[in-house]
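First comes the structure, then the notes that go with it.
The values are calculated or read from the model by the stated rules, or taken from the named source; none is laboratory data. Just so we're clear, the structure is a prediction, and the values are computed from it rather than from any experiment. Backbone-built Cβ (ideal geometry, glycine too); neighbour counts: all protein chains shown.
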Amino acid sequence: MLLTRRLERARAKPLGFVASDYALAVWGLGDLGALFAAGTPTLDALFDEDMLGDDLEAWLAESHLLKRSFRATALISGLVEKRHPGKEKTGRQVTVSTDLVYDVLRRHQPDHILLKATWQDAARGLLDIARLGDMLARIKGRIRHQQLERVSPLSVPILLDIGKEPIHGEGRESVLMDAERLLEEAAGSGE
């Protein structure tokens, strides 16, 4: 997701991504290979360790990952109770309560100790940011783009997963606008 955010800023119009233990694939409207060959953006810039700063925080803020982590923090801290004498909240009720508290804290007290604890839990337990930072440091300057004449046999498993993780950005909007325009043209010509 962090790479697609950077590609979106580079106006590469990514449409989706697939990640596995062995590979990462990003596809878009334009020829990403031509962009890399032209050096706009460079692969080193895309995989720079600084993505673990503002990009990561912005992505986490937009994702539901922190809200789900906050649920556990709110329950453990006693901010939200699941069981009350004579009553027990359903999982959905707890989620609604914690989401509401999370949104209010983010808006009015973004430096609240429970939000900081949630971010630390997510960074350590869910994302393993330290390990990701080490990996980015190890690969710095070692990634190269290789144009192939045909699909590599090693890429087949990841190609089969294309389409599972769409990106909601400029590329998708462009596709939807083109489809809408074609529908209007077809309706106007009586087809």
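Going by what's in this entry, would T73 be described as surrounded by 15 or more Cβ atoms within 10 Å (Cβ to Cβ) and in the same structural domain as I129 (by TED's automatic domain parsing)? Against the criterion (surrounded by 15 or more Cβ atoms within 10 Å (Cβ to Cβ) and in the same structural domain as I129 (by TED's automatic domain parsing)), T73 qualifies. Looking across the range 127-154, the residues that are touching a residue at least 40 places away in the same chain (Cβ under 8 Å), closer than 18 Å to L3 by Cα and assigned to a loop (DSSP other than H, G, I, E, B) come down to K140, G141, I143, R144, H145.
Candidates D128, D111, D134: the one that is acidic (D, E) and over 25 Å from E8 (Cα atoms) is D111. Criterion applied to R68, R92, R107, R124 was being in a helix (DSSP H, G or I), at pLDDT 90 or above and not aliphatic (A, V, I, L, M), and the one residue passing it is R107. Applying the condition of being part of a helix (DSSP H, G or I) and without any contact (Cβ under 8 Å) to a residue 40 or more places away in the chain to the range 43-56 and asking which residue is surrounded by the most Cβ atoms within 10 Å (Cβ to Cβ) yields A45.
Among the residues making up the range 86-134, a single one is on the phi > 0 side of the Ramachandran plot and not acidic (D, E): G86.
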